[in-house]
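Shown next, in structure tokens, is the structure this report addresses.
The values are calculated or read from the model by the stated rules, or taken from the named source; none is laboratory data. Note that the coordinates shown come from a computational prediction; the quantities given were computed from them, not determined experimentally. Glycine also receives a Cβ, built like all others from the backbone with ideal geometry; neighbour counts cover every protein chain displayed. In case anyone asks, the SASA skips ligands and DNA or RNA and just uses the protein heavy atoms, side chains included. Shrake-Rupley method; radii C 1.70, N 1.55, O 1.52, S 1.80 Å.
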Amino acid sequence: MEIAELGALIHQSALGTVSWLDSLDAIASYTNSARGQLIGLTTPRVDFNWVTGFSAEWLAEFERIDGGDPTLNFRVAAGIRADPQQVVHEAHYDAAKRGLRDDLYLDFCQDLEIPFGCQTIVAQGQAGFVGFAVLRTNGDGKTTAEDRDAFARIAPVVRDAVALQWALEGRGRDLLLGSFDAIDKAVLFLDAGGRSLAQTVAADRLLSEVSTLHLRNRHLFCDHQQDQSMLERAIGAVLSGAQGEATVVLRQPSAMPLFATVHAFTPSEANMAFRPRAIVILRSATHGGANSHAWLRHAGLTPAEIEIARALADGTPRDLIAERRGARIGTVRQQIKTIFGKLGVRREAEFIALMGRSRQF
């Protein structure tokens, strides 16, 4: 394939009309290599990793061994030491291998027979970069000067295509944010590390108005340690895939609590730059009258737990609650413990204070 034809194919990948794997496969052939790769790293986290001929199991194994870690991966180590747009190859790999702390990635390369190749960085931001590489087998041998020249000729085309795709994804991000802005939703989009990639105008406004919830280094942070722990667990559970959705109640002094609902978000597999893995919807507690039925329901309480919470807040003794419900006192105590957990309180005094504030609205 001639370079003009290959360049057209690569730009079609940026536009989404052709798979990047098709372009990478053509690039591998153009450079006499077994495989082509485009990888996004926020070291050591892998944002995306497209490699021709790699199975899903191999890609999962790469992440399992922390393949994006420069102290394990000689390719990443050599790449981050290189000058911008420099073509890095086996001589640089040999130098980087001497500083590795473990043989995990070396073993991975041996198992998959990809010890050789060359690479360059085609896009770089504040937090990470996109690397472009060809991977070579023992049969391919080390890259020759001619192979590296061919790689250097095609690298600017890949660089332009990545920049184009990032620009297009930026427009997609703006459209997505705009759809939530149109309905005045306070939404934050989180990456795989729990950092906010973007947030709506309503989210910015809410965070400026409340005193106990902030963005620090792009992470949501609660002043109350217990609330912080619950929020971290909820975000972690959704990002890990253990839960599709989780809601936590965040206390506000002298005000109704906030609800933070974390939803799993599945980005397009073709996305590079804007790859949210979860969204957090923030909202103030809503009230369905003096008994706060609506916000208790939003907090995740079951109908039975709501009845118990209302009774307890009204001063009804536990044994009387059990009698009225035809339940054992031990069962009611366990239900109250569950209620406290869902509301983020430890003691009855905290619970009464929280419920008391709900009656102010």
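Looking only at the range 31-56, how many residues end up being without any contact (Cβ under 8 Å) to a residue 24 or more places away in the chain and under 22 Å from G193 (Cα atoms)?
3
Among the residues of the range 81-97, is any under 24 Å from the mean Cα position of the chain (by Cα) and either more than 30 Å from S240 (Cα to Cα) or of a type in the set (A, V, I, L, M, F, W, C) (or both)?
no
Can you tell me which residues in the range 1-24 are under 28 Å from the mean Cα position of the chain (by Cα) and charged (D, E, K, R)?
Quick first cut of the range 1-24, residues under 28 Å from the mean Cα position of the chain (by Cα) only: 10-24.
Scanning the range 1-24 gives a single hit, D22.
Any idea which of G170, G178 is within 22 Å of D47 (Cβ to Cβ) and not β-branched (V, I, T)?
G170
Does L176 satisfy the criteria of being at pLDDT below 85 and either hydrophobic (A, V, I, L, M, F, W, C) or within 22 Å of K342 (Cα to Cα) (or both)?
The answer is yes for L176.
If you take the residues of the range 114-130 that are modelled with pLDDT of 95 or more and part of a loop (DSSP other than H, G, I, E, B), which of them is surrounded by the fewest Cβ atoms within 10 Å (Cβ to Cβ)?
P115
Among the residues of the range 135-147, what is the count of those that are touching a His at 6+ places or on another chain (Cβ under 8 Å) and either among the aliphatic types (A, V, I, L, M) or open to solvent by 60 Å² or more (accessible area, probe 1.4 Å) (or both)?
Step one: of the range 135-147, the residues touching a His at 6+ places or on another chain (Cβ under 8 Å) are 142-143.
With either among the aliphatic types (A, V, I, L, M) or open to solvent by 60 Å² or more (accessible area, probe 1.4 Å) (or both) added as a condition, the list becomes 142.
Residues flagged as touching a His at 6+ places or on another chain (Cβ under 8 Å) and either among the aliphatic types (A, V, I, L, M) or open to solvent by 60 Å² or more (accessible area, probe 1.4 Å) (or both) within the range 135-147 amount to 1.
Determine, yes or no, whether D174 is of a type outside the set (S, T, Y), under 30 Å from S208 (Cβ atoms) and out of contact with any helix residue (DSSP H, G or I) (no Cβ under 8 Å at 6 or more places or on another chain).
yes
Would you mind telling me which numbered condition in (1) under 18 Å from the mean Cα position of the chain (by Cα); (2) small (G, A, S); (3) surrounded by fewer than 17 Cβ atoms within 10 Å (Cβ to Cβ); (4) assigned to a helix (DSSP H, G or I) A234 fails?
(3)
Taking only pairs six or more apart or across chains, which ones have beta-carbon atoms under 6 Å, a first residue in the range 212-232 that is in contact (Cβ under 8 Å) with a residue 12 or more places away in the chain and within 19 Å of R283 (Cα to Cα), and a second residue that is open to solvent by 20 Å² or more (accessible area, probe 1.4 Å) and of a type in the set (D, E)?
T212/D223
Suppose we keep only residues that are in contact with a strand residue (DSSP E or B) (Cβ under 8 Å, 6 or more places away or on another chain) and open to solvent by 50 Å² or more (accessible area, probe 1.4 Å) within the range 198-213. Which one would you say is modelled with the lowest pLDDT?
The selected residue is S211.
Could you list, in sequence order, the residues of the range 22-48 that are crowded, with 18+ Cβ neighbours inside 10 Å and assigned to a helix (DSSP H, G or I)?
Across the range 22-48, the qualifying residues are S23, L24, A26, I27, A28, Y30.
Let me confirm something: among D66, D102, D83, D111, which residue is without any contact (Cβ under 8 Å) to a residue 24 or more places away in the chain and in a loop (DSSP other than H, G, I, E, B)? It would help to see each step written out before you state the result.
Details: D66 fails: without any contact (Cβ under 8 Å) to a residue 24 or more places away in the chain; D102 fails: without any contact (Cβ under 8 Å) to a residue 24 or more places away in the chain; D111 fails: in a loop (DSSP other than H, G, I, E, B).
Residue meeting the stated conditions: D83.
Is there a residue in the range 278-301 that is of a type outside the set (K, R), assigned to a helix (DSSP H, G or I), surrounded by fewer than 14 Cβ atoms within 10 Å (Cβ to Cβ) and at pLDDT 75 or above?
No, the range 278-301 contains no residue that is of a type outside the set (K, R), assigned to a helix (DSSP H, G or I), surrounded by fewer than 14 Cβ atoms within 10 Å (Cβ to Cβ) and at pLDDT 75 or above.
Taking the range 310-350 as the region of interest, how many residues are open to solvent by less than 50 Å² (accessible area, probe 1.4 Å) and not β-branched (V, I, T)?
Total satisfying the criteria: 12.
Suppose we keep only residues that are free of Cβ contacts under 8 Å to residues at least 40 places away in the same chain and in contact with a Ser or Thr (Cβ under 9 Å, 6 or more places away or on another chain) within the range 86-99. Which one would you say is least open to solvent (accessible area, probe 1.4 Å)?
Per the stated criteria, the residue is V88.
Which one of these does S208 not meet: (1) among the polar types (S, T, N, Q); (2) under 22 Å from M256 (Cα atoms); (3) in contact (Cβ under 8 Å) with a residue 24 or more places away in the chain?
If we test S208 against (1) among the polar types (S, T, N, Q); (2) under 22 Å from M256 (Cα atoms); (3) in contact (Cβ under 8 Å) with a residue 24 or more places away in the chain, just (3) comes out false.
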